[in-house]
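Heads up: the structure comes next, in structure tokens.
The values are calculated or read from the model by the stated rules, or taken from the named source; none is laboratory data. Fair warning: this is a prediction, and the values are worked out from it, not measured in the lab. Here the Cβ is made from the backbone with ideal geometry for all residues, glycine too, and neighbour counts use every protein chain on show.
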Amino acid sequence: MKHYTSINDIENIQSWIQEAKALKRNPLNYKDLGKNKTLGLLFFNSSLRTRLSTQKAALNLGMDPIVMNVSGDAWGIEFGDGTIMNGNTAEHIKEAAAVVSQYCDIIAVRAFPTLTDKEKDESEHVLKSFVKYASVPIVNMESATGHPLQALTDAITISENAKKERPKVVLSWAPHIKALPHAVANSFVQAMQKMDVDFVVTHPEGYNLNPDIIGNSTVNYNQEEAFKDADFVYVKNWSNYNDYGKVLNTDPNWMITKEKLGNAKFMHCLPVRRNLIVEDAVLDGENSLVIEQANNRTYAAQLVLKKILEDLK
Amino acid sequence: MKHYTSINDIENIQSWIQEAKALKRNPLNYKDLGKNKTLGLLFFNSSLRTRLSTQKAALNLGMDPIVMNVSGDAWGIEFGDGTIMNGNTAEHIKEAAAVVSQYCDIIAVRAFPTLTDKEKDESEHVLKSFVKYASVPIVNMESATGHPLQALTDAITISENAKKERPKVVLSWAPHIKALPHAVANSFVQAMQKMDVDFVVTHPEGYNLNPDIIGNSTVNYNQEEAFKDADFVYVKNWSNYNDYGKVLNTDPNWMITKEKLGNAKFMHCLPVRRNLIVEDAVLDGENSLVIEQANNRTYAAQLVLKKILEDLK
Amino acid sequence: MKHYTSINDIENIQSWIQEAKALKRNPLNYKDLGKNKTLGLLFFNSSLRTRLSTQKAALNLGMDPIVMNVSGDAWGIEFGDGTIMNGNTAEHIKEAAAVVSQYCDIIAVRAFPTLTDKEKDESEHVLKSFVKYASVPIVNMESATGHPLQALTDAITISENAKKERPKVVLSWAPHIKALPHAVANSFVQAMQKMDVDFVVTHPEGYNLNPDIIGNSTVNYNQEEAFKDADFVYVKNWSNYNDYGKVLNTDPNWMITKEKLGNAKFMHCLPVRRNLIVEDAVLDGENSLVIEQANNRTYAAQLVLKKILEDLK
């Protein structure tokens, strides 16, 4: 594999899931594969799970991780073509990406959306600029519109915990006070579309995700109906997509409760705001998979790095 | 050993000191013990010595250290039970600690006190939350009320430099312009109580430490009397304990001078403000042990990590 | 070699260049040399290339790099002698340098000039304080007046790309909106003075560099004349040296264009502001060496670290 920028870079999700499970059983089996190779982790935004799990994944493969918070450790990066750089940005992505490629065998990048400029965000200009100007493989650690390491993690976790061949999986919107990206929801939808699951999305009217991503997936505005007989309830807030980046709904009735959840397993990418997105009883209860999801982030990242390392010349 | 959160986790300080000295002689003797193990260093506050010495200790044991400045690299952590998280904190310690435990074999935490809420500080809610919600061992890199890595260091340093079997050790308060924690002083008191030393604490009236910690240790408000025949003078400022966290005294007469010190060895955990806490002549003189103390931080941390690694299943 | 603080620490630049080229061909040939040795990288200022390339160099030699952003990760450092430290600085360089020396076998430091206090900057008080108070070798990762890792890189790059025995090398000032240091230009001048090249410096009148550094090197205020038959054009902005640290000239006519450059190779230390310092057509054209320069940063740093490691007792 060259880059891992989208869940669509996965050809056969079932075989990836099996490979990830094998890595999880023997995480140090490929300790020599990444020897003398560096992974550059570039953060334009905050990170906890991704920061730690991707480093752990690299270490499991014998790689040397080098972490950099782009704005805190260096300076503003310019992405515009032809810009006269007399403002706040000190280095163009053309140089930055090419230069980091001199020191790192793989570059992993986190760059969140503006949530104010839909066109810019959907163009994935940061991630795509790295792909364009770097000379080494790029891994998406959450971009403007996708979080494919998380979605691979989620697919692994569902596969591990499924009690039936074709489980029912529900993606539910939940309320939040801040404007959050669509990336996790988008990639989760795309992952579920590749899996053999009965998939339903539920959210308030007017809170639809990008129709190009949703495609033929079922949407039900009635959360209670959507949750019926669910095996997995995956919860995530996102800001409005139509009135882009706005918080138009904070209806607490959409919060996930133990009662609503029933016997379904609860999933969330974390961080999660307790008693706003989901009540304590769910997270503290036996049906929560969130910590195991977090654990699986290591093996999703490790699988991606392994596949890239195997194809490095 | 499971956790190292307090100097009271040391059963036999004499045997620990001997073990630390052996490590110092041969710091790479256990290079395989930590192989393929990660140490997560989580900093809620600034750090120089602890940051570097704990990493060095981990490297000496073959571990991979992963450093994270919690607020800068990630986001605010919520510690309250049952909180509706619609404020500034984005992740609950219940998730944060459990998640970091998925990537790190040992978690080391630095979290200073509020110095405004005595009850909260004395509850050690940050450190104890990590112990409660993490599934791996926790090491205290200075908490609200204790700094046991420093105190172990100090015990080692006194043992190395003692010229008689039962040296006289004085802990002296010194003036500072900012409100400082009681953690270093507290743990030092507790360490000295475990050692075979003649121990005296001196500070201005009204500046007593927590009486539960001081216990039967001798307190003398007269610094000159206290220093008489001292072999070691350990200096540290702390803010007022009774009128909690206030700076009620900055009397320069309490500053440590070469004259006051006499032949005693000078100790301080560092950082130290020159000519406020102690005059240049002391730090630049032959009786200062502060750099050797800093050196011993590595072996104190290494001993703690070694003991924890040996007990990891 | 003990320290590497200035380009003058290089005895024979030709032999260094040959050694660096050999390292570039086989960067892992000395992987055991730095085993169980730590390199502390202390940043008082932002960094991208230096941060990553110096870590990469250390890893290539088997060292463990430990990175610290001094102000963000720790606190303000005091450099004044005899200061009563009742202000914003919390630790004196005497302690800081001696303490870091306990954990790191080599310390690399980046500390930019004030650009307001010429005398202080020219005294190199930060770098020299580390040399004075640390007990381990110091590497200059760009100080107030010099950037010798960059200059060594530049010498290697010119040697690699020279088509004739004595190429013509021009150092040209170019406009910038912010006050930039003289360090890169200074060290480049010093490196060229050691090389067998036809060297010319060009800048607007009144924008001379330190005459003590320029020495007998040719200066031509006419950029067009200076560029005639140039093989290498090295571009760098610097703020005014006489009216110290001021930006008195932003004349866009000094910007580097493809037309001006002709067949000469373009060099710049990066980061570079596009269409302010140099037009896109140059950086995107075939004559730009900037990415290869960045690549060579690794081998310059690795050579310096190797020479220091070989002389460590």
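The table that follows gives values for the structure above.
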| quantity | calculated |
| --- | --- |
| Odd one out for B:ALA134 among (1) more than 19 Å from B:ILE7 (Cβ to Cβ); (2) under 17 Å from the mean Cα position of the chain (by Cα) | (2) |
| Single unsatisfied condition, C:ARG166 versus (1) part of a loop (DSSP other than H, G, I, E, B); (2) within 14 Å of chain B (Cβ to nearest Cβ) | (2) |
| Out of B:LYS128, B:LYS118, sole residue that is more than 27 Å from B:THR298 (Cα to Cα), more than 7 Å from every other protein chain (Cβ to nearest Cβ) and under 23 Å from the mean Cα position of the chain (by Cα) | B:LYS118 |
| Boolean, C:SER71 is surrounded by fewer than 15 Cβ atoms within 10 Å (Cβ to Cβ), modelled with pLDDT of 95 or more and either part of a helix (DSSP H, G or I) or small (Gly, Ala, Ser) (or both) | no |
| Segment B:207-238, residues that are out of contact with any Phe, Trp or Tyr (no Cβ under 9 Å at 6 or more places or on another chain) and touching a residue at least 24 places away in the same chain (Cβ under 8 Å) | B:ILE213, B:ILE214, B:GLU224, B:ALA226, B:PHE227, B:ASP229, B:ALA230, B:ASP231 |
| Residue satisfying all of: in segment C:69-105; in contact with a Gly (Cβ under 7 Å, 6 or more places away or on another chain) and over 21 Å from C:SER135 (Cβ atoms); nearest to the other protein chains (Cβ to nearest Cβ) among these | C:ALA90 |
| In segment A:34-65, the residues that are surrounded by fewer than 18 Cβ atoms within 10 Å (Cβ to Cβ) and more than 21 Å from the chain's Cα centre (by Cα) | A:LYS35, A:ASN36, A:GLY62 |
| Hits in segment C:52-66 (condition: touching a residue at least 60 places away in the same chain (Cβ under 8 Å) and not small (Gly, Ala, Ser)) | C:THR54, C:LYS56, C:ASN60, C:LEU61, C:MET63 |
| Qualifying residue in segment B:236-249 (condition: surrounded by fewer than 14 Cβ atoms within 10 Å (Cβ to Cβ) and closer than 28 Å to B:GLU165 by Cα) | no |
| Subset of segment A:122-141 (residues that are out of contact with any helix residue (DSSP H, G or I) (no Cβ under 8 Å at 6 or more places or on another chain) and under 23 Å from A:LYS313 (Cα atoms)) | A:LEU127, A:LYS128, A:VAL131 |
| Residue within segment B:187-195 that is modelled with pLDDT of 95 or more, within 14 Å of another protein chain (Cβ to nearest Cβ) and either under 26 Å from C:GLN102 (Cα atoms) or touching a His at 6+ places or on another chain (Cβ under 6 Å) (or both) present | no |
| Some residue of segment C:108-125 being within 25 Å of B:HIS268 (Cα to Cα) and outside the structural domain of C:ASP243 (by TED's automatic domain parsing) | no |
| One residue from C:LEU248, C:LEU171, C:LEU180, C:LEU209 being out of contact with any helix residue (DSSP H, G or I) (no Cβ under 9 Å at 6 or more places or on another chain) and within 22 Å of C:VAL290 (Cβ to Cβ) | C:LEU180 |
| Subset tally (residues that are surrounded by fewer than 23 Cβ atoms within 10 Å (Cβ to Cβ) and not polar (S, T, N, Q)) for segment A:137-166 | 6 |
| Filtered residue count, segment C:78-96, keeping only those that are crowded, with 24+ Cβ neighbours inside 10 Å and either of a type in the set (Val, Ile, Thr) or outside any strand (DSSP E or B) (or both) | 2 |
| Lone unmet requirement of (1) within 10 Å of chain B (Cβ to nearest Cβ); (2) assigned to a helix (DSSP H, G or I) for A:ILE308 | (1) |
| Complete set of residues in segment A:29-68 that are part of a strand (DSSP E or B) and within 10 Å of chain B (Cβ to nearest Cβ) | A:PHE43, A:ASP64, A:PRO65, A:VAL67 |
| Helices (runs of 4 or more DSSP H) completely within segment B:183-297 that count 2 or more residues being among the hydrophobic types (A, V, I, L, M, F, W, C) | B:183-194, B:211-214, B:223-227, B:280-283 |
| Meets criteria (within 25 Å of A:VAL184 (Cβ to Cβ), within 11 Å of chain B (Cβ to nearest Cβ) and either among the charged types (D, E, K, R) or out of contact with any His (no Cβ under 8 Å at 6 or more places or on another chain) (or both)) for A:ALA20 | no |
| Selection count, segment C:6-18, where residues are more than 19 Å from the chain's Cα centre (by Cα) and touching a residue at least 24 places away in the same chain (Cβ under 8 Å) | 0 |
| Answer residue from segment A:286-313, given it is within 14 Å of A:CYS269 (Cα to Cα) and hydrophobic (A, V, I, L, M, F, W, C) and is surrounded by the most Cβ atoms within 10 Å (Cβ to Cβ) among those | A:ALA300 |
| Contacts under 8 angstrom Cβ, first residue in segment A:267-294 being under 15 Å from A:LEU48 (Cα atoms) and at the interface with chain B (Cβ under 8 Å from one of its Cβ atoms), partner hydroxyl-bearing (Ser, Thr, Tyr) and not in a loop (DSSP other than H, G, I, E, B), 6 or more apart | A:ALA294/A:SER53 |
| Residues satisfying the stated conditions in segment A:4-17, i.e. within 18 Å of A:MET192 (Cβ to Cβ) and not in a loop (DSSP other than H, G, I, E, B) | A:ILE7, A:ASN8, A:ASP9, A:ILE13, A:GLN14, A:SER15, A:TRP16, A:ILE17 |
| Wholly enclosed helices (runs of 4 or more DSSP H) of segment B:101-163 bearing at least 3 residues in contact with an Asp or Glu (Cβ under 8 Å, 6 or more places away or on another chain) | B:148-161 |
